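Enquirer: Can you keep this structure in mind? I'll have questions shortly.
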Amino acid sequence: TRENLNTTSGTSVSIDLDQGSMFWHTAGAGTTTVTFSNGPASNQTQTIMFVHQQDGTGNRAISWPGGVSWAENVEPPESTGANDIDVYTIQVINKGGTTYYMITLAVRNAS
């Protein structure tokens, strides 16, 4: 189920973590800047999936917010082909009032 859907975006997508656990975004132009809001309460965790689909043109990039951690500290390259789909698993951890975002590129180029 798509619990939050932004069908097209040129420059930004806000992921409101209160809205569910799966978010689908189709890029519309340029670089998409991702932001998060309404994370879990202190000492709680939340896991979400973020699906990023290129539009029919492709070559759209993602700009993640500061504080994001990647597996082995390496951000994997996203797919750039027309209509390519990447699926990210995001573990959101609120440890004593500080929120951490650990992201893994779970599926690359699923189109």
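The values are calculated or read from the model by the stated rules, or taken from the named source; none is laboratory data. Given the structure is predicted, the values throughout are model-derived calculations rather than measurements. No Cβ is skipped: glycine too gets one built from the backbone with ideal geometry, and neighbour counts run over all protein chains shown. Keep in mind that these areas ignore ligands, DNA and RNA; they rest on the heavy atoms of the full protein, side chains included. Shrake-Rupley method; radii C 1.70, N 1.55, O 1.52, S 1.80 Å.
Enquirer: Suppose we filter the range 24-40 for residues that are on the phi < 0 side of the Ramachandran plot and either in contact with an Asp or Glu (Cβ under 7 Å, 6 or more places away or on another chain) or of a type in the set (Ser, Thr, Tyr) (or both); how many remain?
Expert: Final tally of qualifying residues: 8.
Enquirer: Filter the range 14-26 down to the residues that are of a type outside the set (S, T, N, Q) and not in a loop (DSSP other than H, G, I, E, B), then identify the one that is most open to solvent (accessible area, probe 1.4 Å).
Expert: Step by step, filter the range 14-26, then rank; the result is 18.
Enquirer: Among what's in the range 72-111 and is on the phi > 0 side of the Ramachandran plot and among the polar types (S, T, N, Q), pick the residue that is most open to solvent (accessible area, probe 1.4 Å).
Expert: Here is the first cut: in the range 72-111, the residues on the phi > 0 side of the Ramachandran plot are 72-73, 83, 96-97, 109.
Applying the additional criterion that residues be among the polar types (S, T, N, Q) yields 73, 83, 109.
Numbers: 73: 137, 83: 74, 109: 77 Å².
Here the answer is 73.
Enquirer: May I pose another question? Restricting attention to the range 27-52, which residues are under 11 Å from the mean Cα position of the chain (by Cα) and open to solvent by less than 40 Å² (accessible area, probe 1.4 Å)? Reasoning before the result, please.
Expert: Of all residues in the range 27-52, those under 11 Å from the mean Cα position of the chain (by Cα) come to 32-36, 48-52.
Residues satisfying the conditions are 32, 34, 36, 48, 50, 51, 52.
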